[in-house]
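Shown next, in structure tokens, is the structure this report addresses.
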Amino acid sequence: MIHPPPRKPSTTSHYKSTSELNPWLVEEDNFPASGETSEQLEFLLNYAVLDPSIYNTQPWFFKIIDDAIELYADTRVSATANDNYRESIICCGTALFDLRIAIRHFGYRDIVEVFPESHNPNLLARISFGSKRIVQLEEKFLFRAISKRSTAQFYLANRKLPKSLISELESVTDSECTRLQILTSIVADSSVREVIKLVDKGDRLQTRDPFRRKLFQWINSSHEDVPMASSVGTLMLIGSQNDNEYAWLATGEALAHLWLRARIDDVRVSCLNQPIQVPELRSRLQALFPDNGYPQILLRLCYLTN
Ligand SMILES: Cc1cc2nc3c(=O)[nH]c(=O)nc-3n(C[C@H](O)[C@H](O)[C@H](O)COP(=O)(O)O)c2cc1C
């Protein structure tokens, strides 16, 4: 399925973007540097609402309380989608990462407590400004990529990613907040056919995606074994050692980091998560990549055609 891109602020959020017509046009110069902390935090939410989310549901909401942002999973959304408390928490993890990058970009340490209240599992994180610090160049780039990011579905170029970039992308995925190691592996050419079959099966079990249907037909056509990995971009699987809320939140952070880092080098990302949403297919994917823990997100990374 191809989900519609968000071009509007979250309707489930308590927050409304200051850029009513197009939230992607948020201007960093509008950061209220001399304003109240709560105003500054509110401004940062402009960036958090730009994150990718399953079915574009934006399953998060935010509260600003006592100079901190509280990030909640919006369970009304996860109750209506298929898999999808797990994926909702992953989406919230992407918002968490972007908030942290935004805080750093504006020259502060980010202070994050994850799952701060054991009796309140929907409160995923409390985020606030720490002391002043010098912003790193990498953080500036990641920050600027937030408003340029989108899901890429079409006009994908048949060009491989350089190995150096792949290794860098593989290494950006450890969560600093949960201290969890998130596992990433590139799907080798030899496994791509199998993985795409699982994607297609997931599609068939759920909904119809003309693009992937075409891709699947092409892969199974009588063409000689063309290098599929390059034709569909590079496939990457993000997994985790555990399969719980902590791991899902960390996966979301890892996903956002990877997505933004890729965007800096003009590499586009899309999610092929259908097989992970179907328990039987998820187990088969896990069996294909036994060292990669529980599969959480399957991605395609590619350049666009000019
Ligand atoms: C956890 C997660 C799972 C996703 N799974 C899929 C998927 O299975 N298929 C798909 O086409 N897009 C998937 N997406 C991408 C969303 O559809 C996309 O982020 C959303 O439509 C917003 O568009 P944007 O990324 O261009 O802002 C997923 C995104 C996230 C964060």
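Selection over the stretch 102-154 of residues that are β-branched (Val, Ile, Thr) and farther than 20 Å from Ile65 by Cα gives a count of 4.
Please go through the stretch 126-138 and pick out each residue that is crowded, with 17+ Cβ neighbours inside 10 Å and within 19 Å of the chain's Cα centre (by Cα). Outline the logic, then answer.
Filtering the stretch 126-138 for residues crowded, with 17+ Cβ neighbours inside 10 Å gives 126-129.
Ile127 - this is the single residue of the stretch 126-138 that is crowded, with 17+ Cβ neighbours inside 10 Å and within 19 Å of the chain's Cα centre (by Cα).
Can you confirm whether Thr234 is touching a strand residue (DSSP E or B) at 6+ places or on another chain (Cβ under 7 Å) and closer than 24 Å to Gln58 by Cβ? Considered against the rule, which asks whether it is touching a strand residue (DSSP E or B) at 6+ places or on another chain (Cβ under 7 Å) and closer than 24 Å to Gln58 by Cβ, Thr234 comes out as no.
Read-outs throughout are calculated quantities, based only on the coordinates presented, and are distinct from any laboratory measurement. Computed from a prediction, not measured in an experiment: that's the story for all the values here. All Cβ positions, even for glycine, are placed from backbone atoms using ideal geometry, and neighbour counts span all protein chains on display.
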